[in-house]
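Have a look at the structure below before the remarks.
The values are calculated or read from the model by the stated rules, or taken from the named source; none is laboratory data. These numbers were taken from a predicted model, which means no experiment stands behind them. As a convention, Cβ positions derive from the backbone with ideal geometry for all residues, glycine included, and neighbour counts pool all protein chains shown. Areas reflect the complete protein model, heavy atoms only, side chains present, ligands, DNA and RNA absent. Shrake-Rupley method; radii C 1.70, N 1.55, O 1.52, S 1.80 Å.
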Amino acid sequence: MAADGHWLTFLVLMLPFAGAAVAPFLVRSFGHNAAWLLALIPAFMFYHFTGFLSSVANGETVAAGYSWIPSLGVDFSWYIDGLSLTFALLITGIGALIVLYSGGYLKGHPHLGRFFSFILMFMGAMQGLVLADGFLTLFVFWELTSITSFLLIGFDHVREASRRAALQALIVTGLGGLSLLAGLLLIWNMTGLGSMSALLEAEGALREAPLYLAALLLVLGGAFTKSAQFPFHFWLPNAMEAPTPVSAYLHSATMVKAGVYLVMRLNPVMGDTVAWETILPVFGGTTLIVGTLLAVRQTDLKLMLAYTTVSSLGLLIMLTGFGSEKAAEAAVLYLVAHSMFKGALFMVAGGIDHETGTRDITKLGGIGRAMPITFAAAVLAAISMGGLPPFFGFLAKEEIYAGLWQGSGWSGLITLVAIVGNALMFAVGFAVALKPFTGPKVETPKHAHEGPILLWLGPLVLGLGGLLTALASPLSHRFISNPMASAVVGEPVEISISVVPHVGLPLLLSVMTIALGITAYLALARGREIMAGTLRTIGWGPDLGFDQAIGGTVRISSTVTRVVQSGRLDYYMTATFIALALALFVPMILFGELPALPDFPSLRFYEWTVLAIAFIGLGAVLHARDRLTAIVSLGIQGFAVALLFMLLGAPDLSFTQFMVETLSVVILALVMTRLRLSPTDHRPTGEKAGDIAIAAVCGATLGLMLLRVTQIPFDDTLSAFFAENSRAIAHGRNIVNVIIVDFRGLDTLGEIAVVMIAGLAILALVRIRAGKPADARKGGG
Amino acid sequence: METALSATVGIFFAVAIYLMLSKHIIRILLGVAIFGNAVNLTIFTAGRVMREVPPIIPEALIAPDAATANPLPQALILTAIVISFSFFAFLLVLAFRAYQELGSDDTDTMRVAEPESEDLPPLGY
């Protein structure tokens, strides 16, 4: 399957992981300036992927890979088309800027090397996710992004809030990942196709499959948790506990878009059904509105951005699921625009935090003069976010309205949701970009001044990116938007929108949105109070629910533990032996393996006698009222067993048994003089009957099993081997002894070791009087 | 012969298990001792039995010329007897020391390792 020349792509897929391995060493040598070196990795990857642009723009795709687990038909394979290529370019391009930014943001942090390692690992995982073709390849990378996200959110692990956020993100996205795995396996099972490229070729196969709805719900379970759709949105704002580069990269530009990527990837094969076009817009639209309303409530710059990210993800899901070709194109445009402006705004927020010491929007103002470049980057990004010309966000918004409005009630409702959501996002975006920089100067914890180049380069490049891609829209459409939209729609499409406004309904709706947005911006402080009051009234939220679920799980498990592990030996014994009886008895009956009825045994007189002696010994042990009787009776059954061995051709066994039984009786007599043997059976009658029943069933089952074993033909290969070779090879006539000291000599060595260790342990037990010196003097003599 | 031995093994196991289900440590120990014999007899019987012919090669021969008792289970049991004896001796001393330290031979009251009431694990993160 692997064609020559694809090895370079494979290398690029593995490159970030190699970078993660060397990052700590580079930081040790170069300090935070290692960022310049490490940024070369994503830059090279970006360069590698630009090489695919022209062929993909011509409608070609690349599917390649290596055989991974041939016996299961699992390949490590990748698939490059417009969709995955755009994602790969975003991941590597923004990744390079983020690596630089991290160097500035975490300059002097003692664990900077570790941080670079994590972020490069994430980059590799995310890149693998969007390029993966085989389902299992996709799943492995999907989970890797969850794990690296966990590591990055919990980077500041000394704070409990960080740990909680990291665990929460891992649990929510991890559960989603399991759901995704189930969905992918179901699809694999139904269609027999285990890769995206194969699935995309067999277009109708999945939609008509019997369990289409189940597969859809399972896959969406993965996509919605990863992309923070309501009601799973709560982990994303909490993930803001991570250092800002992480928020900018994972939790706005890339990882949270994995769910959107998955939905877009499956749109051609799963879309165009009633379920698809209902579930996606409903969840996406709800997320959009809930996200913006919650964003209005926040005063922390990062949290404001986080909630608008939630709503943007909702908008993307809504657009992808809406069903019209133009809506899908709008989703593509908005996704590209969002990755740039939101990444930039997060980095701006981090820069403000870094230079002033606060991210609280009510405590910031007038720092624009001190931080002009950051201010410029913020404004560029906010204009794109607000959807004003001539920025890429404007193209996206025009396309959104062109795609959504179809004149019917349903499309009207969705359009209204989009207008309200966009207007509120406009307000929040400009609040973040303008409020801290303009107005009267407010005293901040640190004296504000422009940060180093590492801190403003990233946001400025991304902010300008939103402008340039829009101005050169024919070029960006040809190489980015068109191929990606074609992959999402499933057939070649042509996007024509440009920065020159066309008079029409979309423009009118855009103007409405902007007017509404400006109103909301002016009334933001009032809106914040209203939202805060509303949330107080509601009180409960999924975030609190998460704590309750975790607390409940801990309580349930500790209750279960207390029941299962009661700390009482007789419970454990009873459970063990009931399980033993069931495990042996039930299969014997189910599989008809009960022994045939045997003939009455024909034993010689003395054999009967020996058996009788054994039984008498056993009975006496059971009924012994005093210590001596019990010990002697135990000895009787032991000697009876020794006699039995003697009669059945095992003199060695017999001899050992005699010795061991004698020793046992002696030791027992020594020790038991101190122990109490209760004169009557202590158990109440009911318990006694139960114990007798359990013991009887166990005994009967074991006896029956043994009988059954002896009724099937005997394989004496091993015994014959020993008989043949004892003298020939090992020069011994007593075959049993030869086996013990020669053929299985190592076993005997182990046995001796056991005896020795037991002896040492006994010695230790007798000698050591832990913490009781008085006792030691008394008992030591 | 195997039939009779199977029945014997069943009875040995039943008695041993009944004793081990008790709450008094000394009875449990007696049960363990009998359990060891029951297991040895099981291995012995499963290897089939033959009367009075120990697996010994006559002086003049290189291999036994007639059927003998099966040597393999005998070798296994020989190891098992010794190990079960050391195990039994260890248990015995352990029980005795536990009785000395705790002043009880009732397993219900010997709860040092798993105390009666335990607090909930911490609910933080």
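So here's what we get for this one:
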quantity	calculated
Test: residue in region B:33-44 that is surrounded by fewer than 22 Cβ atoms within 10 Å (Cβ to Cβ) and in contact with a strand residue (DSSP E or B) (Cβ under 9 Å, 6 or more places away or on another chain)	no
Given (1) over 23 Å from A:PHE721 (Cβ atoms); (2) within 7 Å of chain A (Cβ to nearest Cβ); (3) in contact with a Leu (Cβ under 7 Å, 6 or more places away or on another chain), index of the condition B:SER86 fails	(3)
Tally, over region A:619-672, of residues that are of a type in the set (D, E, K, R), part of a helix (DSSP H, G or I) and touching a Leu at 6+ places or on another chain (Cβ under 7 Å)	2
Filter result for A:ALA198 (free of Cβ contacts under 8 Å to residues at least 24 places away in the same chain and either in contact with a Ser or Thr (Cβ under 6 Å, 6 or more places away or on another chain) or part of a helix (DSSP H, G or I) (or both))	yes
Flag for A:VAL660 being buried (at least 19 other Cβ atoms within 10 Å of the Cβ) and more than 30 Å from A:ALA579 (Cα to Cα)	yes
Matching residues, region A:123-164, being crowded, with 24+ Cβ neighbours inside 10 Å and outside any helix (DSSP H, G or I)	A:ALA132, A:ASP133, A:GLY134
Listing of helices (runs of 4 or more DSSP H) fully contained in region A:378-494 that carry 2 or more residues being surrounded by fewer than 17 Cβ atoms within 10 Å (Cβ to Cβ) and out of contact with any Cys (no Cβ under 6 Å at 6 or more places or on another chain)	A:409-434, A:453-471, A:473-476
Members of region B:101-125 found to be within 17 Å of A:LEU765 (Cβ to Cβ) and at the interface with chain A (Cβ under 7 Å from one of its Cβ atoms), listed by number	B:ASP105
Per-region count, region A:728-746, residues within 8 Å of chain B (Cβ to nearest Cβ) and either touching a residue at least 60 places away in the same chain (Cβ under 8 Å) or farther than 17 Å from B:ASN70 by Cβ (or both)	3
The listed residue being at the interface with chain B (Cβ under 10 Å from one of its Cβ atoms), among the aliphatic types (A, V, I, L, M) and surrounded by 16 or more Cβ atoms within 10 Å (Cβ to Cβ), out of A:LEU648, A:LEU643	A:LEU648
Test: residue in region A:321-334 that is without any contact (Cβ under 8 Å) to a residue 60 or more places away in the chain, farther than 26 Å from A:PRO231 by Cα, open to solvent by 10 Å² or more (accessible area, probe 1.4 Å) and of a type outside the set (A, V, I, L, M, F, W, C)	no
Count of region A:582-616 residues which are at the interface with chain B (Cβ under 9 Å from one of its Cβ atoms) and closer than 24 Å to A:THR701 by Cβ	9
Selection status of A:LEU167, in contact with a Ser or Thr (Cβ under 7 Å, 6 or more places away or on another chain), open to solvent by 40 Å² or more (accessible area, probe 1.4 Å) and in a helix (DSSP H, G or I)	no
Residues that are out of contact with any helix residue (DSSP H, G or I) (no Cβ under 8 Å at 6 or more places or on another chain) and aliphatic (A, V, I, L, M), drawn from region B:83-125	B:LEU102, B:ALA113
Single residue of region B:34-69 satisfying the filter (facing chain A (nearest Cβ under 7 Å) and of a type in the set (Gly, Ala, Ser)) that is farthest from B:LEU92 (Cα to Cα)	B:ALA63
Residue match in region A:356-367 (condition: open to solvent by 10 Å² or more (accessible area, probe 1.4 Å), assigned to a helix (DSSP H, G or I) and over 30 Å from A:VAL282 (Cβ atoms))	yes
In region B:2-33, residue nearest to the other protein chains (Cβ to nearest Cβ) [restricted to those that are in contact with a Phe, Trp or Tyr (Cβ under 9 Å, 6 or more places away or on another chain) and among the hydroxyl-bearing types (Ser, Thr, Tyr)]	B:THR3
Matching residues, region A:20-56, being over 30 Å from the mean Cα position of the chain (by Cα) and open to solvent by 40 Å² or more (accessible area, probe 1.4 Å)	A:ARG28, A:SER29, A:PHE30, A:HIS32, A:ASN33, A:TRP36, A:LEU37, A:TYR47, A:THR50, A:GLY51, A:SER54
Failed item in (1) free of Cβ contacts under 8 Å to residues at least 24 places away in the same chain; (2) of a type in the set (Gly, Ala, Ser); (3) not in a helix (DSSP H, G or I), with A:GLY65 passing the rest	(1)
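Here is a yes/no grid of residues against (1) farther than 25 Å from A:SER179 by Cβ; (2) of a type outside the set (D, E, K, R):
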site: A:VAL99; (1), (2): yes, yes
site: A:PRO110; (1), (2): yes, yes
site: A:ALA125; (1), (2): no, yes
site: A:ASP133; (1), (2): no, no
site: A:TRP142; (1), (2): no, yes
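Each row is one residue, and each column tells you yes or no for (1) surrounded by fewer than 21 Cβ atoms within 10 Å (Cβ to Cβ); (2) hydrophobic (A, V, I, L, M, F, W, C).
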{"site": "B:ILE25", "(1), (2)": "no, yes"}
{"site": "B:MET50", "(1), (2)": "yes, yes"}
{"site": "B:PRO58", "(1), (2)": "yes, no"}
{"site": "B:LEU78", "(1), (2)": "no, yes"}
{"site": "B:LEU92", "(1), (2)": "no, yes"}
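Results for (1) more than 22 Å from B:THR109 (Cα to Cα); (2) outside any helix (DSSP H, G or I); (3) open to solvent by 70 Å² or more (accessible area, probe 1.4 Å), shown as yes or no for each residue.
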| position | (1), (2), (3) |
| --- | --- |
| A:PHE546 | yes, no, no |
| A:ILE550 | yes, no, no |
| A:ARG562 | no, no, yes |
| A:MET573 | no, no, no |
| A:THR576 | no, no, yes |
| A:LEU580 | yes, no, no |
| A:LEU584 | yes, no, no |
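Listed here are the residues, each with its yes/no results for (1) under 14 Å from A:LEU316 (Cβ atoms); (2) open to solvent by 10 Å² or more (accessible area, probe 1.4 Å).
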site	(1), (2)
A:ALA228	yes, no
A:TRP235	no, no
A:HIS251	no, no
A:MET264	yes, no
A:GLU277	no, yes
A:LEU293	no, yes
A:ARG297	no, yes
